[in-house]
Amino acid sequence: MKQVVQNYKSGELTVLDVPVPGCKPGGVLVRTAYSLISTGTELMKVSEAGMSMLGKARSRPDQVAKVVQSVATNGVPATYRKVMGKLDSYTPLGYSLCGVVEQVGAGIDDVKVGDVVACAGNEHALHAELNWVPKNLYTPVPDGLAPRHAAFGTVGSIALQGVRQGEPQLGEVALVIGLGLIGQLVVQLLVASGVRVVGVDPDPARCELAERLGADACGDPGSAAVEASVAELTGGHGVDQVYLAAGGGSNQPVELAARMSRDRGRVVDIGKCRLDLPWNAYYEKELDVRFSRSYGPGRYDPEYELAGRDYPIGYVRWTERRNLACFLDLLARGRVDVEPLVSHVADFDDAVETYQSLKDGALKAVAVLFRYPGQAEAAGTEAAAPVVAVPSVEVKRSPVRPAGTPVRLAFVGAGNYATSMLLPHLAGREGVELSTVVTTTALSAANAQRKFGFARATTDLDAVLDDPSVDAVFVVTRHSSHAELTQRALLAGKAVFVEKPLALTEDELAGVLAAVEKSGNDRLQVGFNRRFSPLLQEARKRFGARSGPASLRYLVNAGRLEHGSWYLRQDSEGSRFAGEGGHFIDTASWLLGADPVSVYALTTPGNEDLQVVLRYPDGSTATISYVTTGASGFPKETLDLVADGRVLKLDDFVRASVYGPERWVSSRLPKARDKGQNAELAAFVKAVRTGGPMPVPLESLVATTAATLAVRTGLASGVPVTLAGAR
């Protein structure tokens, strides 16, 4: 299928061929009829992409702050690779469309194949021929509403949420600053609410359009006529509400808002304009400044948008999905008219030229629609139900590889970790062929194919598992899918590299082992990379063999997660420690040369800080302090190993030292943090090529996973948990 994408590093815009997205449970696959260009938000992104690196940094100081923090935590080289990887990737455009349901995922019962729906979301309602859209980001289109009008649903919801934040009352007067697409919709929604409206915009054509759509008066921001109209309509008191729907770097909108507002008026920010509030003006009138967050409640909440958990209507009357349905209803009943806003309808194949015309100013437009081949006319007609073949599972054994042939690898998942920490070490490696990349999001597969040289990109996992030329499968998806995908790949006879964790529950771990038993295939590696770190390996060698029990202390300064991180979805993705605790348990076990026999876990009340104590067969202990409340400037991982009059000290994979009869200290010059990914991958590829043993024995992988899972049991019981053998 085709999709509009942009490279944020180079500014390149293109219509790219990408794999068709899969239809996952909890959503529908929609074939687009019309999608709407946001002439504000999208053109801002397009313009930013054309800036120099310095210009990009100036336009996004929030991202610069994240880069600085990443440098402090991960070092310059790793941060550079991560930032450049993100910049030099194709990113999607679009977030508002109307289309026809082509396939219905499990758990969906409110629409069927052939229904016409309006869709929202900058990850799900893209300028693409097909989109997978989760339940709370689509709504059925009322009968009789044209698909080209329903495509305005998302931007209409943004305007509607802004108006709700202003709490308009019958007979009040409002000022709308900025009469672009959102501003024009705000004008109509206010008029429909019984509010008299004055509009402000430097473009006379937009002022004239707003007046045709119901505004009492419109004019230039510095126009005396605007002030006169406000004075006349309000008896000289000033407007009840001001809606900031303008963009740009000028502070004029917020200054004008203060001047035109009545005492204790309301100012609602919908757009993205400069907000240096003049303190005296806002203080003297005690103005109420409010922000409108996109489409409404639920926005940026993954539990609502991705997991499909609705907010009870008794507590949250207007969610983003209800706003979307409400706006479509207003369109269908003629209370809002979007046809006068449509400046241009372009064929989807002409997307690049259309964006260029908008950027250059050759196309003056309030709203531009993309029309998709054969779909605009077919919207509303019933589509044929797709036929899906369910293949049977057949246990295969990997064939003996002929000498000299490359190891053929397939990746399931191409997210940030895969593209920044794994694939750069595999792309171009001698004796390795990147065969296929599989993702549920078509564009991420296409990005990985372009950047790393995969021969194929697809969303069809079965095709990869059935491909006899694929030697090994990398599972680099979200935690909740690791165990299932690992089982399927093992049963297909593939060697498997799965990122941690291997499993989130005891049942999942048992399922993986059952797949090993059934298939006879134990070619499994979990991404416990720290034991492969060259610095830590050198330090362990310098420490030498020990004769008595050891005491190990491992401090993990994990820090807070950003709002919206999928790591916070503990009901489906497991706790943070379940997700990454295996790293630290594996490192401790490798340093101590054994697997743990018991686990004792404590948590600090009121936060996620954990203390995990592991006991080993020879009496050695390892204490892992996993904390989220530490200082962000402190190193993430520090480790001390004490035994036989010696101490091994590791400082965040940058420096290491050993104290004893002979002292050894690594280079004092700061180095890149090498946490072992490159060496780990080299060992895995060698094992697949030669048929030799896997880098970490299966028994150790199972023991580490069982110990990680035992932390949850220990927290619930409050007593040590004995590990009686995972197999």
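What the table below lists for this structure:
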{"read-out": "Alpha-carbon centroid distance for the pair the range 216-236 / the range 121-153, whole angstrom", "value": "38 Å"}
{"read-out": "3J(HN,Hα) from dihedral phi, the range 615-622, Karplus parametrisation 6.51/-1.76/1.60, rounded to Hz, x for glycine, proline", "value": "10, 10, x, 8, x, 5, 10, 10"}
{"read-out": "Chain lengthening between Q537 and A514 when straightened (0.36 nm per residue, less Cα-Cα)", "value": "5.0 nm"}
{"read-out": "Other-chain or far-sequence residues with amide H under 5 Å of V242's (modelled H)", "value": "L175, R266, V267, V268"}
{"read-out": "Mean separation of Cα contacts under 8 Å, 6 or more apart, over the residue count of the chain: relative contact order %", "value": "12 percent"}
{"read-out": "Long-range HN-HN contacts of V141 with modeled amide H, under 5 Å", "value": "V116, V117, A118"}
{"read-out": "Over 30 Å (Cα to Cα) - which of K451/K675; K66/K494; K272/K675 fall in this group", "value": "K66/K494; K272/K675"}
{"read-out": "For the chain, cysteines whose Cβ has no other cysteine Cβ within reach (under 4.7 Å)", "value": "C23, C98, C119, C273, C326"}
{"read-out": "Relative contact order of the range 506-646, pairs being alpha-carbon contacts under 8 Å that are 6 or more residues apart, as %", "value": "33 percent"}
{"read-out": "Fully extended contour minus Cα-Cα distance, from K66 to E484, at 0.36 nm per residue", "value": "147.1 nm"}
{"read-out": "Over the range 598-673, volume per residue of the alpha carbon convex hull, in Å³", "value": "114 Å³"}
{"read-out": "Simple Cβ-charge dipole of the range 669-711, Lys/Arg +1 and Asp/Glu -1, about Cα centre, in debye nearest 20", "value": "220 debye"}
{"read-out": "Sequence-distant residues sharing a close amide H with T440 (under 5 Å, placed H)", "value": "none"}
{"read-out": "D_trans [Stokes-Einstein, Kirkwood Rh over alpha-carbon pairs] for the chain, 4 °C, 1.567 mPa s, µm² s⁻¹", "value": "45 µm²/s"}
{"read-out": "Karplus 3J(HN,Hα) series, Hz, for the range 159-173 with 6.51 cos²θ - 1.76 cosθ + 1.60 (x for Gly, Pro)", "value": "5, 5, 5, x, 5, 4, 5, x, 6, x, 10, 3, x, 6, 10"}
{"read-out": "Tensor-based shape of the range 103-151 (alpha-carbon gyration tensor, a/c under 1.5 rounded, otherwise prolate or oblate)", "value": "oblate"}
{"read-out": "Note, ³J(HN,Hα) from phi for the range 249-264, Karplus 6.51, -1.76, 1.60, rounded to Hz, x at Gly and Pro", "value": "x, 7, 8, 4, x, 6, 5, 5, 4, 5, 5, 8, 7, 7, 4, 6"}
{"read-out": "Part-to-part distance (alpha-carbon centres) for the range 169-197 and the range 263-285, which is given in Å", "value": "18 Å"}
{"read-out": "Those aspartates and glutamates that a straight Cα-Cα span of less than 13 Å connects to K112, excepting residues fewer than 8 apart in one chain", "value": "E102, E382"}
{"read-out": "Residue-averaged 222 nm ellipticity for the chain, from DSSP H runs of 4+ at -39500 (n - 2.57), nearest 500", "value": "-10000 deg cm²/dmol"}
{"read-out": "Gyration tensor verdict on the range 78-197 (Cα atoms; rounded if a/c is under 1.5, prolate if a/b is larger than b/c, oblate otherwise)", "value": "oblate"}
{"read-out": "Accessible area of the chain divided out per residue, in Å², using a probe of 1.4 angstrom", "value": "42 Å²"}
{"read-out": "Tensor-based shape of the range 472-608 (alpha-carbon gyration tensor, a/c under 1.5 rounded, otherwise prolate or oblate)", "value": "oblate"}
{"read-out": "Protein accessible area in the chain, 1.4 Å probe - carbon and sulfur %", "value": "53 percent"}
{"read-out": "Dipole in debye (nearest 20) - the chain, about Cα centre, beta carbon charges: Lys, Arg +1; Asp, Glu -1", "value": "2660 debye"}
{"read-out": "Mean Cα-pair separation over length for the range 496-567, i.e. relative contact order, pairs under 8 Å, 6 or more apart, %", "value": "30 percent"}
{"read-out": "Part-to-part distance (alpha-carbon centres) for the range 303-343 and the range 460-493, which is given in Å", "value": "39 Å"}
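The values are calculated or read from the model by the stated rules, or taken from the named source; none is laboratory data. What you see is a predicted model, and the numbers here were worked out from it, not measured in a lab. Neighbour counts run over all protein chains shown; Cβ positions are idealised from the backbone, glycine included. For the accessible areas, the whole protein counts, side chains as well, though only heavy atoms, and no ligand, DNA or RNA atoms are used. Shrake-Rupley method; radii C 1.70, N 1.55, O 1.52, S 1.80 Å.
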